[in-house]
Amino acid sequence: MRAFLPDYAIQAPGTLDEALRMLAAEPGAWTPIAGGTDLMVLFNAGRLPGRRLLDLSRIYELRGIEDDPSRLSLGSLITYTELLEQRAVHQFFPNLVKSARATGALAIQNRGTLGGNIVNASPAADTPPSLLAYGAEVQLVSARGSRWVAYDAFHQGYKKMDLAPDELVARIRLPKPQGLGFHFYRKVGTRQAQAISKVCLAAYARIQDRVVTELRVGLGSVAPVPLRARRAEAAVVGRALDALPIEEARRAVLEDISPIDDIRASAHYRQVVTGNVLAQMLKELGAARTA
Amino acid sequence: MPETITLTLQVNGARRTVDTHPMARLLDVLRDGLRLTGTKEGCGEGECGACSVLLNGRVVNSCLVPALQAQDGVVVTVEGLAEGEALSPIQDAFLVHNAAQCGFCTPGMLIAADDLLRRCPNPDKEQVQAGLAGNLCRCTGYSKIVDAVRSVARQGEVR
């Protein structure tokens, strides 16, 4: 059933201040919309619950990139295509490049935004595992002020976030990896383009003297939220590249995840494949060149 | 609630205005408001690419763009590819290679292919497949479409 147009309204504030004032005046009344690649699908199916949309696409404060020596800060309206056009993203965050390429196909990449991918809060989204692997932080702004939260604490339950009704995600900040690093991203889906993932794993490891000194593993489609595989990470950090505990990590990751049966895959499939992709990642990490 | 807005667009090189609900889909504005029915609706959920148009120089699914977000935008639809009676190179190539069967995906394919060839004038097979990955065809099996796109690329190389 189609949406009935007169039921809906949309406003396009020209500045961030104006948008935040509108949200503050009627918190919860507005559904922010950016690229529309998720919301318009619901709208077209007559299943978009919010009836008043706040178009963020003209707000210049939510755009732009700051490339500092130690970190990269991205405006939340950056599209997947714009991510792919950024030199610093290619140089420092190759998993984010792979995430952007794995999302939909070109027409979706041209419209969908990084901020939208975060607040749509799908556990199957393609960029969150990479953001988790890179230790991202998100800036939330409202008429009350601004705060930064660690992205790995942002998702609190299925579609539940540390985000008040009067807040918008303004920026996403990523610390640039220092020293010798290892990057891994794999999305398992039905086909290369347009498919939604069954399992997605992104990892970043720091290596010093052939020992893993830091590891973050982000997972998608295997829990109600995109999440860190903290038990699997703990099993690996501090170990030498030549003696990575692959089977121990594989057992540990099963404690990290809580997959379900759905139309895309069974819980059992997701458990097995998460372990397999983690093992693949650790084999590649173990074979990483360090000289 | 606000009923309608006056939408101003540049469509295929001409300035057009149309009164529409701000949440109307760009697809419906083009087809119903401007009678440009070359752009098709397939899935209505951003999967099939039949509604592909260029908006401000980028390929988009026009079924996922609310009219308000297209305000003051520059749109190219399949009707904008030919120059008068002269087909564009990619349209010619689709004819020569029999790259259309039922034809429903063809407008979107042409828009995506034209965009690909502007960004990447001599694509290899994998680049063509990636460029058209958001456009589904249920008839041709794609090989004739890929051949057509690559034939334009080869001519580009000779010139």
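All of the numbers you see were taken from the coordinates with simple rules; none came from a lab. Quantities reported herein were computed from a predicted structural model and do not represent experimental measurements. Neighbour counts are summed over all protein chains in view; Cβ atoms, including those assigned to glycine, are modelled from backbone coordinates with ideal geometry.
Please work out whether the range B:73-159 counts as rounded, prolate or oblate from its C-alpha gyration tensor, where a ≥ b ≥ c are the square roots of the eigenvalues and a/c under 1.5 means rounded, while otherwise a/b larger than b/c means prolate and anything else oblate?
It comes out rounded by the Cα gyration axes.
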Only Lys, Arg, Asp and Glu count, each charged at its Cβ (+1, +1, -1, -1), so figure out the dipole size of the protein assembly as shown about its Cα centre, rounded to 20 debye.
860
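I'd like the FRET efficiency for A:R52 and A:Q208, computed as 1/(1 + (r/R0)^6) with the beta carbon distance as r and R0 of 56 Å, rounded to 0.05.
E between A:R52 and A:Q208, to the nearest 0.05, is 0.60.
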Over all viewing directions the Cα convex hull of the range A:5-55 casts an average projected area in nm² of 3.6
Cut-off 14 Å (backbone N to label point 7 Å along Cα→Cβ of A:Q192), residues of the range A:70-110
A:101-106
Using alpha carbon centroids, what distance separates the range A:144-160 and the range B:96-159, in Å?
43
With just the Cα atoms defining each centre, how far is the range A:1-56 from the range A:91-122? Give it in Å.
21
At R0 = 60 Å, how high is the FRET efficiency between A:A234 and A:E26 if r is their beta carbon distance? Nearest 0.05 is fine.
0.85
What is the mean number of Cβ atoms from other protein chains located within 10 Å of the Cβ atom of each residue in peptide A:34-45, rounded to a whole number?
5
So what is the relative contact order of chain B, in percent, for Cα pairs below 8 Å that sit 6 or more residues apart?
22
Along the Cα→Cβ direction, 7 angstrom out, place labels at A:R87 and B:C139. What is the inter-label distance in nm?
4.7
Net length gained if the chain between A:Q280 and A:R2 were fully extended (0.36 nm per residue, minus Cα distance)
95.6 nm
Peptide A:3-15, shielding by other chains (average Cβ, 10 Å cutoff):
4
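Hey, what's the Kirkwood Rh for the range A:72-121 if you take every pair of different alpha carbons, in angstrom?
Kirkwood hydrodynamic radius for the range A:72-121: 10.8 Å.
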Less than 27 Å apart at the alpha-carbon level, and either on another chain or at least 8 residues along: which lysines does that give for A:K283?
A:K98, A:K176, A:K187, A:K198
Describe numerically, in nm with one decimal, the distance between label points set 7 Å from Cα along Cα→Cβ at B:E85 and at B:D72.
4.0
Would you mind telling me the antiparallel percentage of the DSSP bridges in the protein assembly as shown, rounded to 5?
90
May I have the pair-distance distribution P(r) for the range A:180-286, computed from all Cα-Cα distances with 5 Å bins from 0 and rounded to whole percent?
2, 14, 25, 24, 16, 10, 6, 2, 0
Across 10 Å bins beginning at 0, the whole-percent shares of Cα-Cα pair distances in the range A:61-175 come to 14, 52, 30, 4
Could you tally the net charge around A:A45, taking each other residue with its Cβ under 11 Å from the Cβ of A:A45, Lys/Arg +1 and Asp/Glu -1?
+1
Set of aspartates and glutamates near B:K144 by C-alpha distance (under 19 Å), chain-local residues within fewer than 8 positions excluded
B:D92, B:D114, B:D115, B:D124, B:E126
Could you list log10 I(q)/I(0) for the protein assembly as shown at q = 0.08, 0.09 Å⁻¹, which the Debye formula gives when each Cα is one point scatterer?
-0.50, -0.63
